[in-house]
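Presented below is the structure to which this report refers.
The values are calculated or read from the model by the stated rules, or taken from the named source; none is laboratory data. As the structure is a prediction and not an experimental result, all values here were calculated from the model. All Cβ positions, even for glycine, are placed from backbone atoms using ideal geometry, and neighbour counts span all protein chains on display. Ligands, DNA and RNA are excluded from the accessible area calculation, which covers all protein heavy atoms including side chains. Shrake-Rupley method; radii C 1.70, N 1.55, O 1.52, S 1.80 Å.
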Amino acid sequence: MNPQMRNPVEAMYPGTFYFQFKNLWEANNRNETWLCFTVEVIKQRSTVSWERGVFQNQVDPETHCHAERCFLSWFRDNPLSPKKNYQVTWYTSWSPCPECAGEVAEFLARYSNVQLTIYTARLYYFWDTDYQEGLRSLSEEGASVEIMGYEDFKYCWENFVCDDGEPFKPWKGINTNFRFLERHLRKILQ
DNA sequence: ATTTTCAAT
């Protein structure tokens, strides 16, 4: 079995979510990336079925794998059928690195039946031109790349966190940080 | 207006 072939988990703990997804400037020590996803099978204009889950990057040297590649290897081997149309949505704590962006762009070019929307909490190495180019290549392959806002964080909390019925508690600066990241992303993608 | 990051010490 391919060591990269990991199945997603169903949910994160609240502490993991708040720590990993916070869009703070002082986002130190977020040496992990978490990726929540939904996969919807689309027929005409109505969704017929969907599934969801959470991937984390694999840090073990044996299975080392960025979260995006964990998703792709799972998706290729599990629900993906060339006869169906998919809407895939990601909520990631960091945006993709150039290598993953290239691989995802290739994936999208090959599977025109897959539509991808990426919401990212923070921009990974946003000042680096290679990382910027990676985001543009995704956009050029038709992926929609967005910054996670209040409603997206709330959606993740409600759908990917073992929240025990606790409501989502936004942190200080969630909206101003979102707006700043939005401006950055728009500049990168234009 | 602002962060140093899918670890390596």
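Figures for the structure shown
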quantity	calculated
Residue match in region A:46-56 (condition: within 13 Å of DNA strand B (Cβ to nearest atom) and aromatic (F, W, Y))	yes
A:E68 vs. criteria of a type in the set (D, E, K, R) and within 10 Å of DNA strand B (Cβ to nearest atom)	yes
Pair list, Cβ under 6 Å, 6 or more apart: region A:11-33 residue among the small types (G, A, S) and modelled with pLDDT of 90 or more, other residue part of a helix (DSSP H, G or I) and crowded, with 17+ Cβ neighbours inside 10 Å	A:A11/A:F160
Condition broken by A:A11, with the remaining ones in (1) closer than 18 Å to A:D152 by Cβ; (2) near DNA strand B (Cβ under 9 Å from one of its atoms); (3) open to solvent by 20 Å² or more (accessible area, probe 1.4 Å); (4) touching a helix residue (DSSP H, G or I) at 6+ places or on another chain (Cβ under 6 Å) satisfied	(2)
Matching residues, region A:94-124, being within 25 Å of A:W157 (Cα to Cα) and open to solvent by 50 Å² or more (accessible area, probe 1.4 Å)	A:Q115, A:Y119, A:Y124
Scan of region A:56-94 for residues that are among the β-branched types (V, I, T) and farther than 20 Å from A:S144 by Cβ, ordered by number	A:V59, A:T63
Selection from region A:41-74 of residues that are surrounded by 18 or more Cβ atoms within 10 Å (Cβ to Cβ) and either of a type outside the set (D, E, K, R) or in a strand (DSSP E or B) (or both)	A:V54, A:F55, A:Q56, A:N57, A:C65, A:H66, A:A67, A:C70, A:F71, A:L72, A:W74
Selection status of A:P82, in contact with a Gly (Cβ under 6 Å, 6 or more places away or on another chain) and either closer than 27 Å to A:P170 by Cα or not acidic (D, E) (or both)	no
Condition check for A:F71: of a type in the set (F, W, Y), within 18 Å of A:E10 (Cβ to Cβ) and touching a residue at least 12 places away in the same chain (Cβ under 8 Å)	yes
Residues located in region A:75-101, provided they are under 15 Å from the mean Cα position of the chain (by Cα), more than 10 Å from DNA strand B (Cβ to nearest atom) and assigned to a helix (DSSP H, G or I)	A:F75
Residue list for region A:135-168, filter: among the basic types (K, R) and touching a residue at least 40 places away in the same chain (Cβ under 8 Å)	A:R136
Helices (runs of 4 or more DSSP H) lying entirely in region A:109-190 (those with 1 or more residues that are away from DNA strand B (no atom under 16 Å from the Cβ) and modelled with pLDDT of 95 or more)	A:129-140, A:150-160
